[in-house]
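Asker: The structure's right below; bear with me while I get my questions together.
The values are calculated or read from the model by the stated rules, or taken from the named source; none is laboratory data. This structure is a prediction, so every number in the text was calculated from the model and none was measured. Cβ coordinates were reconstructed from backbone atoms using ideal geometry, including for glycine residues, and neighbour counts include every protein chain displayed.
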Amino acid sequence: MNGGCQPAGAAMTPLPLVRPKQLYAGYIFDLDGTLYLGDSLLPGAQRLIQALRAAGRRLLFLSNNPTKDPDAYAAKLTGLGIPAVPAEVLNTVVTTTHWLRQNYPNATVFAIAEEPLQRALRNAGFQLSEDPAEIDIVVASYDRTFEYRKLQIAFDALWYFKRARLIATNPDRYCPFPGGRGEPDAAAIVAAIEACTGVRCERYLGKPDPYVLAAALALLDLPAHQCVMTGDRLYTDIKMARDAGMASALVLTGETTAVTLSEAGDAERPNYVLDRVDALLPDAVWRRAGWTNPAGLTEPVTRARRDGSSL
Ligand SMILES: [Mg+2]
């Protein structure tokens with residue numbers, strides 16, 4: 001086991017690294033903070049996916065981020081050097097649209113969302129409206145065009161007319177970026193709406209909601225016990241897998257640090273902890289592939305957060 005990937009000078013919390021000893025039939029991967037950060041692949045991501053494909057394993061890329069649709073994610077992954085097709089991608093654009101179609105097929109929707117989710121809802125036949133008097137569902141999401149005007153519409157629909165229900169794409173607090181920075185995510189939008197209306201968000205259509213895992217497993221056509229979920233967040237990626245009794249692997253290249261992991265309770269912990277995502281492959285696969293430093297840092301992660309904690 002490797003001693004860690006902390007930059008010199010950072011507070012040293014030992015990384016409790018635990019790697020799988022076997023391959024799984026299916027692999028579900030988070031994207032931001034797991035396979036890439038911003039527009040850069042994380043160390044080992046490319047060769048991991050290549051090796052899994054060569055071994056005939058089923059893959060699914062699962063993101064809570066609704067600012068792209070599966071076509072755009074597949075294009076992004078392919079452009080970064082991980083060839084992928086839209087059918088291998090599931091994100092909250094898809095889960096939110098499908099859930100609304102199943103539960104509120106005739107709803108008039110106000111989507112605080114960027115164009116990919118707006119387009120998916122329109123294509124699914126929903127009437128989109130900014131008239132609070134006719135809005136049935138307010139969808140909050142990771143929307144970088146959020147403004148006071150949108151908050152007012154949500155406020156009027158939920159608080160003044162008291163006819164709308166509030167749902168959201170995902171509960172993430174922020175989206176991680178390279179260099180330890182990040183961007184406010186859907187949790188911030190939900191919090192703004194809840195704060196002024198007193199209305200609680202009824203449903204999040206992203207990880208860790210079991211609806212999302214069921215959709216992912218349906219796409220993989222595999223049962224949960226034959227799959228492993230890999231991600232960088234305890235409260236979304238790992239929680240979803242744990243709730244389903246499915247194996248989970250936390251990679252310390254995104255939100256969760258060795259420090260925050262050490263503070264987590266037993267019920268929040270993953271089966272595996274990785275300092276880099278290709279450590280998801282067992283030692284035997286590393287040896288067969290001729291990779292020489294199984295838990296090591298051939299491409300060191302040297303980013304430090306602004307608060308001085310390490311990744
Ligand atoms: Mg992530």
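Asker: Of all the residues that make up segment 246-289, how many are of a type in the set (Ser, Thr, Tyr), over 23 Å from PHE177 (Cβ atoms) and touching a Lys or Arg at 6+ places or on another chain (Cβ under 8 Å)?
Answerer: Just the residues of segment 246-289 that are of a type in the set (Ser, Thr, Tyr), to begin with: 248, 253, 256-257, 260, 262, 272.
Then drop every residue that is not over 23 Å from PHE177 (Cβ atoms), which leaves 248, 262, 272.
Pick out the ones that are also touching a Lys or Arg at 6+ places or on another chain (Cβ under 8 Å) and you get 248, 272.
Total meeting the criteria: 2.
Asker: Counting only residues that are under 12 Å from VAL139 (Cα atoms) and of a type in the set (A, V, I, L, M), how many does segment 188-207 have?
Answerer: Qualifying residue count for the region: 4.
Asker: Please go through segment 136-178 and give me each residue that is under 25 Å from the mean Cα position of the chain (by Cα), of a type in the set (Ser, Thr, Tyr) and at pLDDT 95 or above, ordered by number.
Answerer: SER141, TYR142, THR145, THR169, listed by residue number.
Asker: Output yes when any residue across segment 80-90 is modelled with pLDDT of 95 or more, in a strand (DSSP E or B) and either surrounded by fewer than 21 Cβ atoms within 10 Å (Cβ to Cβ) or on the phi < 0 side of the Ramachandran plot (or both), and no when none is. I'd like the intermediate steps shown before the answer.
Answerer: Pass one, segment 80-90, residues modelled with pLDDT of 95 or more: 80-90.
If we keep only those that are in a strand (DSSP E or B) too, we end up with 89-90.
The next check asks that each one be either surrounded by fewer than 21 Cβ atoms within 10 Å (Cβ to Cβ) or on the phi < 0 side of the Ramachandran plot (or both); those that pass are 89-90.
Checked segment 80-90: at least one residue is modelled with pLDDT of 95 or more, in a strand (DSSP E or B) and either surrounded by fewer than 21 Cβ atoms within 10 Å (Cβ to Cβ) or on the phi < 0 side of the Ramachandran plot (or both).
Asker: Considering only segment 238-253, I want to know if a residue exists there that is within 13 Å of the ligand (Cβ to nearest atom), assigned to a helix (DSSP H, G or I), more than 23 Å from LEU23 (Cβ to Cβ) and under 16 Å from the mean Cα position of the chain (by Cα).
Answerer: The answer is yes, given that some residue of segment 238-253 is within 13 Å of the ligand (Cβ to nearest atom), assigned to a helix (DSSP H, G or I), more than 23 Å from LEU23 (Cβ to Cβ) and under 16 Å from the mean Cα position of the chain (by Cα).
Asker: Then there's this: Return the pair list, or none, for Cβ contacts closer than 7 Å from residues in segment 174-192 that are under 20 Å from TYR36 (Cβ atoms) to residues that are aromatic (Phe, Trp, Tyr), at least 6 apart or on different chains.
Answerer: CYS175/TYR142; GLY182/TYR174; GLU183/TYR174; GLU183/PHE177; PRO184/TYR174; ASP185/TYR142; ASP185/TYR174; ALA186/TYR142
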